[in-house]
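Asker: For reference, the structure I am asking about is given below.
The values are calculated or read from the model by the stated rules, or taken from the named source; none is laboratory data. These numbers were taken from a predicted model, which means no experiment stands behind them. All Cβ positions, even for glycine, are placed from backbone atoms using ideal geometry, and neighbour counts span all protein chains on display. With ligands, DNA and RNA removed, areas are computed over all heavy atoms of the protein, side chains included. Shrake-Rupley method; radii C 1.70, N 1.55, O 1.52, S 1.80 Å.
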Amino acid sequence: MQTILSTNQLYKRYLDKNVISDVNLNVQQGEIYGFLGPNGAGKTTIMKMITGLIRPTSGQITLFNQPSTTSSFEIRKRIGSLIEYPIFYEHLSAYENLQLHCEYMGFYDHKAITDALELTSITEPRMKPVKHFSLGMKQRLGIARAICTRPELLLLDEPINGMDPVGIRELRELFHALSKEHGMTLFISSHILQEIEHLADTIGVIKEGRLLKELSMSQIHSQHRDYIEVALTDSKKAVAVIERKLNITNFKVIDPHLIHIYEPNVSSIELSKCLILNGIGIESLNKKHVSLEDYFLQIIQGGAVSD
Amino acid sequence: MIKLIRLEYKKVRLTRFLLISVLAVVILMLWCIGNKSGHPEGYDSYQAAFAEINFYTNSTFLIISSVLITKIILDEYRKKTIMILFTYPHSRKRLMVAKLAFISLFTFCVTLVANFSVTSLFIFLAPTNQANLGLLTNDQMLDSFLRICLYALATTGINFISFFFGMFKKSPPATIIPPFLISLIISSHFYQLYSIWDVLISTISCLVIGVLLAHYGIKKAVQLDVE
C-alpha cells in the first residue's frame, strides 16, 4: 500500500514551548486513520500544518509523495478538509457556500454539489442562509464541502461534534462508504475513543504534542485484548521467575503484589505451578480482558502496555 | 486574478453597499447644494464650491470603503473564514491582492460617480440657487473633471492605508478612523490647492505610500499562521 501522507520529525514551537514534538505519522492510501488524543494534545495543530494554515517550525510533511510547502497548490486540490469547527459564509446558503468552494478549488461539476448535499442528508431549503442552520447541520455541511470536490485525502477534525446518535451512525456509514467505495483516504481526529474504534483501520495516539503510538486495529486486537492478573506475595522475585523460567517478556509490574501478563498463549496452570515451585505465594490468578478504552487510557496516561 | 476578484464580489453581496452609496450621494447633494455646505451666504466661487463638494464626497466614500475593507478582509479573520480561504489552491498573496483590487475598484468607481453626480447637479442648479459665482468657463470644467479623477485615485490610495492599519489591529475602528483623520488633516491643503500639478503630486504620493503599506499588510497576512 502506498503512503499518502507522512510527517517526518515534525515540530511546532510557540513562545519557547514545543506544542508539537517529533511527530512521525504515516497514513496509507485508502485507509481510515484515527487520530486520537485528549483535548489540547495537538491534533488540530497538526491538521492545520497539513493543510498549510500553520507552518511547521521544523520537519517535513509529505503528501502524495511530494513535499508539502506553502506553494504546493496542486496538492491542495486533492485534499478536502474540515478543521476545528464548521465555518461558512453565514449569509450565503448551503448550495452557494459549496458552489463558492468548488470555484476556489477549480472544480466545476455542479452535480457534485447536489450529490454531496444528498450524501450528507442536508435537506434544508436551497436558499436558506447557513446562519439559520443547527450545529449538527453545519457539521454535515462542513463534511459536504470537504467531499464535494471528490478529494483523494479527507482531513476531518472532530467531525461528529454536535451530532445526535442517529447522525453519528449515518456519518460512520458515510465514512466507510467514502473509504471503501470511493477509495478516499480519511484522516479523522477525535478525542472520543469509541468513535475511532468503530471507524479506523489505523490509530495514532497523540498526547502533549507527541505521537505515542501508531498501530493498526488488527495489531491492537491481536496483541492487547487479554491478560492474566496475578496477585502474589513478592513481585520482584516473581519477575525473575517469569523472565528466566517461563521466557515471558510482555508483562507489567503494577505494584509489589500485582503483575499483569500480556503475552498470548500463556497457560495459567503452567504459570501458577512454576511460581509455587519457586516459592512464590499466589493469592489469586485471573484471566482478564483489556478493553480498547483501558488500553488507550494506559497509553495516554503514560503507563503504556509493553509490546 | 479576475476569477478571484469575481469570487469576492459573489461573497460580499454588494447591493447593500451600493444602496448605502446612493443614500450617501443624496445626503451629499442635500448638504452641499441644498445647505451650501453650511455657508448661508453661499459659495464664493466655483472653485471653492468644487473644493467643498470634493472634500465631503471623498471623505464620505473613504469611510464607506473602509467599512467595505472590514467586511471583505477583517470579517474573514473575525469570523475565521480565512481558515477556509487559505486552504484553497491559491497563494495567500493572490487572494489578498484580489480582495484589495476589488475594494479599490469599488472605491474608485463609486467615488468618481458620486463626485460627478454631486458636481453636475451643483452646476445645473447653480444659476438658480447660487449668487456671486460668475460664469463657469470650459477651463474650470476641465480642471474640475481632472481633479475629480485624481481625488478618486487619492481616495483609493488612502484606502490602502486603512487596510494596513486594519491588518495590524484586526479591528474595524482601527480601519475606519485613520482614513477619516487623514482626510481631515489633509483637507485644507489638498482640496484647496490651486495647481492641478500639486494635486497630481499629492495623489501620486498617496498612492505610493498606500501601495507600500498595503504591501506590508499583505506580507503580514502571508507570513502569519492562521490560529
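Asker: Please check: in the Gaussian network model of chain B (C-alpha springs, under 10 Å), which one of B:180, B:163, B:124 has the largest mean-square fluctuation.
Answerer: Of B:180, B:163, B:124, the Gaussian network model singles out B:124 as fluctuating most.
Asker: On to the next question. Would you please give the residues with an amide H less than 5 Å from that of residue A:4, counting only those at least 5 places away or on a separate chain, with H modeled from the backbone geometry?
Answerer: Here the answer is A:27, A:28, A:29, since their amide H atoms fall under 5 Å of that of residue A:4.
Asker: Rounded to the nearest 500 deg cm²/dmol, what is the calculated helix-only ellipticity per residue at 222 nm for chain A, with -39500 (n - 2.57) per DSSP H run of length n ≥ 4? Kindly include the intermediate steps, with their values, before the conclusion.
Answerer: Working: 11 runs with 107 residues, N = 307.
Rounded to the nearest 500, it is -10000 deg cm²/dmol.
Asker: What distance in nm separates the simple spin-label points at residue B:197 and residue B:135, each placed 7 Å from Cα in the Cβ direction?
Answerer: 2.8
Asker: Counting only protein heavy atoms and using a 1.4 Å probe, what share of the accessible area of the stretch B:1-63 belongs to carbon plus sulfur, as a whole percent?
Answerer: Numbers: 2200 of 3150 Å².
It is 70 percent, rounded to a whole number.
Asker: I'd like the Karplus ³J(HN,Hα) series for the stretch B:64-73: coefficients 6.51, -1.76, 1.60, θ = phi - 60°, whole numbers in Hz, and an x wherever there's a Gly or Pro.
Answerer: In residue order, the calculated couplings are 4, 6, 5, 5, 5, 4, 5, 5, 7, 9 Hz.
Asker: For residue A:210, list long-range residues whose amide hydrogen, built 1.01 Å from N in the peptide plane, is under 5 Å from its own amide hydrogen.
Answerer: Residues meeting the criterion, in which the H sits 1.01 Å from N, are A:21.
Asker: Angle, helix A:94-105 long axis vs. longest principal axis of chain A, Cα atoms, 0 to 90°, nearest 10?
Answerer: 90
Asker: Please give the per residue accessible area of chain B, computed with a probe of 1.4 Å over protein heavy atoms only, in Å². Please report the intermediate quantities before stating the final value.
Answerer: Working: 10630 Å² over 227 residues.
With all protein chains present, chain B gives 47 Å² per residue.
Asker: Once the Cα atoms of helix B:15-29 and of chain B are each reduced to a long axis, what angle between those two axes, in degrees from 0 to 90 to the nearest 10, is obtained?
Answerer: Here the helix axis deviates by roughly 20 degrees.
Asker: Can you give the charge dipole size of the protein assembly as shown about its Cα centre, rounded to the nearest 20 debye, using +1 on the beta carbon of Lys and Arg and -1 on the beta carbon of Asp and Glu? Working shown, then result.
Answerer: Values: 52 positive and 46 negative charges, 105 e Å.
Computed charge dipole of the protein assembly as shown: roughly 500 debye.
Asker: Using a 1.4 Å probe on protein heavy atoms, which residues of the stretch B:69-90 have at least 20 Å² less accessible area in the complex than alone?
Answerer: B:80, B:81, B:83, B:84, B:86, B:87, B:88, B:89, B:90
Asker: Next question, about the same structure. Would you be so kind as to list the residues of the stretch B:198-227 that have their accessible area lowered by at least 50 Å² in the full protein complex compared with their chain by itself (1.4 Å probe)?
Answerer: B:225, B:227
Asker: Taking K and R as +1 and D and E as -1, what net charge do the other residues with C-beta under 12 Å from the C-beta of residue B:42 add up to? Walk me through the numbers on the way to the answer.
Answerer: Numbers: positive: B:36; negative: B:41, B:44, B:52.
Charge balance near residue B:42 sits at -2.
Asker: Still on this structure, I have one more. What does the accessible area per residue of chain A come to in Å², with a 1.4 Å probe and no ligands, DNA or RNA counted? Write out the running numbers ahead of the final one.
Answerer: Details: 14010 Å² over 307 residues.
Ligands and nucleic acids excluded, the figure is 46 Å² per residue.
Asker: Aspartates and glutamates near residue A:245 by alpha-carbon distance under 13 Å, same-chain residues fewer than 8 away left out - which ones?
Answerer: Hits, sequence-local ones excluded: A:270.
Asker: Report the GluC sites (Glu not before Pro) located in the stretch A:161-205 that are in a DSSP loop and have at most 14 other Cβ atoms inside 10 Å of their Cβ, or state none. Mind showing how you got there, number by number?
Answerer: On the way: sites: A:170, A:173, A:181, A:195, A:197; in loops: A:181.
Those that pass, being in a loop and sparsely packed, are A:181.
Asker: Report the label-to-label distance for residue B:45 and residue B:27 in nanometres (one decimal), using points 7 Å from each Cα along the Cα→Cβ vector.
Answerer: 3.1
Asker: Please identify which residues in the stretch A:84-113 have an amide N closer than 17 Å to a label point set 7 Å out from the Cα of residue B:78, following the Cα→Cβ vector.
Answerer: A:88-92
Asker: Need the per-residue list for the stretch A:67-84: every residue with at least 40 Å² less accessible surface in the complex of protein chains than in the chain by itself, probe 1.4 Å, sorted by number.
Answerer: Listed in order, they are A:73, A:76.
Asker: Pop a pseudo-label 7 angstrom from the Cα along the beta-carbon direction at both residue A:182 and residue A:135 and give the gap in nm to one decimal.
Answerer: 2.5
Asker: What aspartates and glutamates could a cross-link reach from residue B:99, if we take a straight Cα to Cα line under 17 Å and drop same-chain neighbours fewer than 8 places away?
Answerer: The qualifying aspartates and glutamates are A:103, B:8, B:75, B:76.
Asker: Something else: Using the beta-carbon distance between residue B:220 and residue B:146 and R0 = 51 Å, what value does 1/(1 + (r/R0)^6) give for FRET efficiency, to the nearest 0.05?
Answerer: Numbers: r = 36 Å, r/R0 = 0.70.
The value I calculate is 0.90.
Asker: Of A:111/A:207; A:138/A:288; B:36/B:169; B:10/B:219, which ones are farther than 31 Å apart at the Cα? Mind showing how you got there, number by number?
Answerer: Values: A:111/A:207 41 Å; A:138/A:288 43 Å; B:36/B:169 38 Å; B:10/B:219 25 Å.
Exceeds cut-off: A:111/A:207; A:138/A:288; B:36/B:169.
Asker: Of all accessible surface on chain A at a 1.4 Å probe, what whole percent is carbon and sulfur? Before the final figure, lay out each step's value.
Answerer: Numbers: 7000 of 14010 Å².
With neighbouring chains kept in place, the figure for chain A is 50 percent.
Asker: Using a 1.4 Å probe and counting only protein heavy atoms, how much accessible surface gets buried when B and A come together, both sides summed, in Å² to the nearest 100?
Answerer: Values: alone 11930 and 15340 Å², together 24640 Å².
Its buried surface, counting both partners, is about 2600 Å².
Asker: Which angle from 0 to 90°, rounded to the nearest 10, does the C-alpha axis of helix A:110-119 make with the longest principal axis of chain A?
Answerer: Tilt of helix A:110-119: around 40 degrees.
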